[in-house]
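Only one structure is covered here, and it is reproduced in the block below.
Just so it is clear, none of the values below were taken in a lab; they were calculated from the coordinates. Owing to the predicted nature of the structure, the values given are computational and were not obtained by experimental measurement. All Cβ positions, glycine included, derive from the backbone under ideal geometry; neighbour counts span all protein chains shown.
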Amino acid sequence: MDFWKRKKTPETQTETNTNAHERLEKVSGGKETRVSEPPQKRLKIPLNRTTNDVKFVRNSIVFPCPICSEWNSMELEDLDPITGGEMMCLHCQVVFHIPGGYRTRTELQKIKIYAGLPVAIRKFPIFYWNHPVVHELDEQGITQIIIQYGLWGFCQRCHHQFSPAVLMNLPQTRGEIVDYRSLSSEEMMEMKALRTGSCPYCSHRILLVIISDVPHYVISASENISHRWEEG
Ligand SMILES: [Zn+2]
Ligand SMILES: [Zn+2]
């Protein structure tokens, strides 16, 4: 299961934590100042198209693609109960994220299926740091959860999936120093290529990105794990 595989060790997680927090302060002026000052103007960014028109048929769900409206289906047993799953539209090749709540029938009123949004690699940091979900997670103090759930980025052409830890740490300016210490060697390679604005495998310059709401069952699953570590 990707969810657990992607989990970093507590040490590296603290590192990324600090990193993300510092970057957030740069962008938003930090939490303390936000209380007393009016919030900084956020750029209006396009959001992912979604559908909640999901029907249960035997052991699968069927739903219309939010982009091309053609019907797709997914076997429920292919969905992880927590992290859900990703698949491509059979008709227009956009990428979907399907929440695990469809398998467990949890939070069915709230969850929805997301379709990828094309974002130029160069513009990804602007997109990320102006995203309402990212701001909401920041306000709850749980930005790091996005490494496990809520951010999926694929090359639009070769569909390579990039590490969320790399995507969220992509610098906004050319001169900005990136802390590579918390990244694996594959992540370092991804980071270097993305900093030049292109996919390391096919040189394409556009990502298909999904940033989704994080369901409560994901947040509590993640809290349970960190709790186990503390006891460990
Ligand atoms: Zn489609
Ligand atoms: Zn590619």
Checklist entry - In nm, to one decimal, how far is the D179 label point from the K123 one, both placed 7 Å along Cα→Cβ? => result 3.0
Checklist entry - If one computes the Cα centroid of region 110-134 and of region 198-217, what distance in Å separates the two points? => result 8
Checklist entry - What is the set of long-range amide H partners of L117 at a cut-off below 5 Å, with H atoms built 1.01 Å from backbone N? => result V209, I210
Next on the checklist: How much length would be gained if the chain were fully extended between C68 and Q172, taking 0.36 nm per residue of separation minus their Cα-Cα distance, in nm to one decimal?
Outcome noted: 34.2 nm
Next on the checklist: So if each residue of separation counts as 0.36 nm, and I subtract the Cα-Cα distance between R205 and R105, what length gain in nm does that give?
Outcome noted: 32.2 nm
Item to check | Point-to-point label distance, N52-E186, nm (Cα→Cβ direction, 7 Å offset) | outcome: 3.5
Checklist entry - What net charge do the residues around R103 carry, taking every other residue with its C-beta under 13 Å from that of R103, with Lys and Arg at +1 and Asp and Glu at -1? => result -4
Checklist entry - To the nearest 0.05, how large is the calculated FRET efficiency for H91 and E139 if R₀ is 41 Å and r is the Cβ-Cβ distance? => result 0.60
Checklist entry - Spin-label point model (7 Å from Cα, Cβ direction): what's the H216 to C158 distance in nm? => result 4.3
